[in-house]
Each structure stands twice: as structure tokens, then as C-alpha cells.
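Reviewing the structure listed below.
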Amino acid sequence: MTGLMSRRATIARDTAETKIRVELNVDGTGRADVQTGIGFYDHMLTAFARHGRFDLTLSCTGDLHIDAHHTMEDCAIALGAAFDAALGDRAGIVRMGDALVPLDEALVQAVVDISGRPFAAVSLDFVGEQIGEAPSQMFAHVLQSFSVGAKLTLHVRQLAGANDHHIAEATMKALGRAMDVATRLDGRIAGEVPSTKGTLTA
């Protein structure tokens, strides 16, 4: 599936609700081709990749005749799983990262620890129920699902914002920037897992 040195992964996730394929290069330049069937979600995942400098190809055929839930949730799980696979044993990475990202009146902070322990604390205050075809309440669930797939700790806080599009976009950009920092290789600890217990995968 992946080699540690290449830091790439391909994930296929097929269920009765969604069929997803993800190709990820952690050491990319921000090129993205995202097709989920939900235009605003495509925009958000593209912003995540662009600002995280990850190369991402993601396609999903989901049960959108029901609603957006399964598609958004499962894409986030699969994207997280791609990071989990691409990072291997996490040797040499910075491990923790944070970013504070503005978009006009919105300001969102994302903090990650690629710890091997899935956890998400998300505080977002959307005004409306929908952003395009994406339910606004799903963004907290997307972040939680991503943390499960990637096996990382994630804290997201909205510090300001009145426009739902801006809040969601600042959130995904902040996540991308924080992941960029956390996944970088630190030459001072080449080959070493940044943990006092010696592992971030058990």
C-alpha cells in the first residue's frame, strides 16, 4: 500500500453506502482532484490539500439520494486512513502542529497531535443548516471521522466568524496547515519515533 520513504498511500473503501478511492502524497505541492458529488465538500477538501501542500486524488460514489452524511463521513475516514498508511511508524516526523487561519471575519485554530490516539474536540458555531449541498453540522463530524481514520488527536476552535462558508473554509485550511506542520520530517530525529514510549502506533 505504501512505503515509508515515499510517504504515499492509496486507499479503497467500499461499502453498501459509499465507494471511495483516495490517493495521497504527503510530500506534494497541493494538487487536488476531488469528486464527491457534493460541490462544497469538494471545495473544502481541495482547500485542505492546497494549503497543506498535499497531493490528493479522491473520488466517491455515495448514496446522495438519501443525504450527504455517509459520503462526507466515509470520505473523511478514508482520507484519515490514507494519512495513517502514508506515515507508517511516524519515525522522524514533527508529530504536533497548529495553525490559526483567518478568512475575512472568520478565524479558526486547528491543533493536531499524530499520537496514535483518535480524539477530536471541535467547537464551531455555524449560523445556517446548509452550506451549498453540505449540512453545516456535518463538519464537526467530518473532523471527528478524520481523527479516527488518521489516529490522531485534533482540537478545532472557532475564534470568530459570521459567514458559514468562511467558517468552514478557514477550518479546512487550518487543518491542512496544522497537518503540514505535524507531518514534516525533522532532520534532528531522523529514523526516531517522537515518543517517550517508542511507538505512536500501539
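None of the figures in this text is laboratory data; all of them are computed from the coordinates on show. Predicted model, so just to flag it, every value in this text is computed and none were measured. Here the Cβ is made from the backbone with ideal geometry for all residues, glycine too, and neighbour counts use every protein chain on show.
Quick look at the numbers
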| item | result |
| --- | --- |
| Dipole magnitude (debye, nearest 20) for the chain, charges at Cβ of Lys, Arg, Asp, Glu | 920 |
| Residue-span extension gain [Gln35 to Glu129] - 0.36 nm each, minus C-alpha spacing | 31.6 nm |
| Trypsin sites (Lys or Arg not before Pro) within the range 96-202, DSSP loop, no more than 13 other Cβ atoms inside 10 Å | Lys197 |
| Net charge of neighbours whose Cβ lies under 12 Å from the Cβ of His141, counting Lys and Arg as +1 and Asp and Glu as -1 | -2 |
| Length-normalised contact order for the range 8-189 - Cα pairs under 8 Å, 6+ apart - percent | 27 |
| 10 Å-binned pair-distance histogram of the range 97-202 (Cα, whole percent) | 16, 43, 27, 11, 3 |
| Backbone HN-Hα couplings from phi across the range 178-190 [Karplus 6.51/-1.76/1.60, Hz, Gly and Pro as x] | 5, 5, 4, 5, 5, 8, 5, 7, 9, x, 6, 10, 3 |
| Virtual paramagnetic centre 7 Å along Cα→Cβ of Ala121, amide N under 13 Å, in the range 152-179 | 153-158 |
| Rg and Dmax of the chain, Cα atoms only, in Å | 15.9, 51 |
| Potential extension, Asp104-Thr10 segment - 0.36 nm per residue separation minus Cα distance | 30.3 nm |
| Estimated inter-spin distance, Ala202 and Arg21, nm [label 7 Å along Cα→Cβ] | 3.5 |
